[in-house]
1. Looking at region A:73-85, which of the residues that are outside any loop (DSSP other than H, G, I, E, B) and within 11 Å of chain B (Cβ to nearest Cβ) is surrounded by the fewest Cβ atoms within 10 Å (Cβ to Cβ)?
2. Go through the residues of region B:123-132 one by one and say whether even a single one is assigned by TED's automatic domain parsing to the domain that holds B:A152, at pLDDT below 85, buried (at least 16 other Cβ atoms within 10 Å of the Cβ) and not basic (K, R).
3. Of the residues B:L239, B:L257, only one is of a type in the set (A, V, I, L, M), farther than 25 Å from B:D102 by Cα and either touching a residue at least 60 places away in the same chain (Cβ under 8 Å) or at the interface with chain A (Cβ under 10 Å from one of its Cβ atoms) (or both); which?
4. Contact list please: Cβ distance under 6 Å, first residue in region A:42-64 and over 15 Å from A:S92 (Cα atoms), second residue in a strand (DSSP E or B) and charged (D, E, K, R), pairs at least six apart or on different chains.
5. Going by what's in this entry, would B:R209 be described as charged (D, E, K, R) and away from chain A (no Cβ under 13 Å)?
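The values are calculated or read from the model by the stated rules, or taken from the named source; none is laboratory data. Since this is a predicted model, take the numbers as computed values, not measurements. Using ideal geometry, Cβ is built from the backbone for each residue, glycine included, and neighbour counts are taken over all protein chains shown.
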Amino acid sequence: MSTGNWISVNLNSKLAPKTILDRGVLVSVQASPHDVPKAVRGGWDPAIQRFVIEFRYLDNETYVKERGDENLTLRIGKNSHRLLGLELDLKSLRASTVALEFTHALRDKAMREIENVVQRRENSGSSDSVNYEFARMALEQRRDNLMPENELAAAI
Amino acid sequence: MLSDRQGWSKGIGIVSWTLKIASVSTATLWKVPVDKAPLALQDVLRWIQGNGWWMFVALAVLILIIDSVASKLRDPWILNAVQEALDELQQHGFEGKELKNDPLDLHRLTLFRHHRTCFRRYPFWGGFMVPVLRSGHLTKRTNAFFRVPDRADQTEGIVGRAFRTANTIKVTDLPDVGTDNANADDVMLYAEKTFVTPEWVRENKPKARSFMGIPVRVGGKILWILVVDSQKPDSEAILKKIERRYETTARNFVKLLERLP
């Protein structure tokens with residue numbers, strides 16, 4: 001697939017340990033470094049005709065696809081259920097967006113969808129919701145580098 | 001003892017070759033006329049020729065099983081590389097000015113692997129974290145085989161909590177229970193904070209005063225836990241340092257673990 005170079009993200013400052021009560025004992029816990037994205041990249045994949053955003057972790061994993069909504073598909077880790085990537089259907093999204101605001105709309109769309117997923121995971125009490133929080137932070141940190149306007153314009 | 005895969009791999013290789021030679025010998029001796037053989041061998045030949053069919057089956061099955069185990073234990077260079085990575089993390093974490101005179105075995109890293117069964121504990125089934133490698137060349141002997149059943153509240157040890165919660169767990173400022181006359185309250189507190197029983201603490205007299213358990217994902221699955229333990233009670237900064245170092249080296253570390261069975 002044709003995607004951009006990996007752009008590293010540093011979320012160490014967000015990795016604050018939390019003190020929780022576990023079996024009556026106060027324990028310091030924090031997300032495993034394997035659940036925090038270390039890099040992101042975005043680019044047009046002509047094979048599937050989608051704009052793809054990928055998250056890189058300390059280990060590699062195969063993914064399964066899960067439908068987000070009509071314009072977006074999520075790539076979910078087969079074993080870990082971490083968010084490994086997003087596939088955005090630009091053409092479908094473009095049809096419902098004013099051209100000048102297209103890039104912003106696309107970024108907002110990706111962010112909104114991740115927010116929705118985080119929310120859904122949190123509501124379901126899933127233990128992997130913390131990973132989606134970090135994925136959202138990674139995207140926020142690098143949103144301007146991930147979706148350069150010229151590449152988006154070329155893609156559509 | 002920690003799993004000495006290299007030793008096992010060599011031992012199993014020798015057994016496998018012995019069995020292969022035995023099966024070839026059996027086949028050769030099957031058709032030798034008993035009355036023409038030396039007197040001392042005639043009884044052995046009769047026994048082989050009378051029981052040859054099932055001996056062949058038994059040898060074939062044994063060779064298959066042993067070769068399959070041996071194939072899983074091969075590639076000792078990977079274990080050597082993982083051992084070096086653990087040693088490097090240990091040295092990096094505990095190289096500080098105030099620690100440089102400490103023997104390195106006061107501060108250790110142990111790599112545990114998840115197994116469904118463990119013959120060192122009864123009942124043998126239900127999920128266990130088994131120590132595989134430990135940094136340094138001392139204190140390799142351990143009875144640290146922890147249960148990790150499906151119910152998170154029944155898991156044992158820091159390693160068990162890290163495995164079931166998939167979180168990095170840190171515990172510092174533990175009381176000193178490494179002596180015969182440890183205070184009963186301290187034993188209770190130590191047991192509570194490290195998720196083991198007071199009996200286990202009394203029996204094993206652990207010297208570590210701080211722990212950190214990092215879940216290591218390989219292909220998305222948590223099969224390994226890296227446990228750092230230190231006899232220094234206030235080691236938060238050191239644990240942090242090791243954690244950061246682990247993050248920078250983890251991609252290579254995971255690549256090595258991917259190749260282990």
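1. Within region A:73-85, the subset outside any loop (DSSP other than H, G, I, E, B) is A:73-77, A:83-85.
Keeping just the survivors that are within 11 Å of chain B (Cβ to nearest Cβ) gives A:76-77, A:84.
On the way: A:I76: 19, A:G77: 25, A:L84: 25.
Among those residues, the one meeting the criterion is A:I76.
2. Initially, region B:123-132 is screened for residues assigned by TED's automatic domain parsing to the domain that holds B:A152, giving B:123-132.
Retained after the next criterion (residues that are at pLDDT below 85): none.
No, region B:123-132 contains no residue that is assigned by TED's automatic domain parsing to the domain that holds B:A152, at pLDDT below 85, buried (at least 16 other Cβ atoms within 10 Å of the Cβ) and not basic (K, R).
3. Working: B:L239 fails: farther than 25 Å from B:D102 by Cα.
Selected residue: B:L257, the only one of B:L239, B:L257 that is of a type in the set (A, V, I, L, M), farther than 25 Å from B:D102 by Cα and either touching a residue at least 60 places away in the same chain (Cβ under 8 Å) or at the interface with chain A (Cβ under 10 Å from one of its Cβ atoms) (or both).
4. A:E54/A:R41; A:D59/B:R217; A:Y63/A:R75
5. Values: charged (D, E, K, R): yes; away from chain A (no Cβ under 13 Å): yes.
When the stated conditions are applied, B:R209 passes them.
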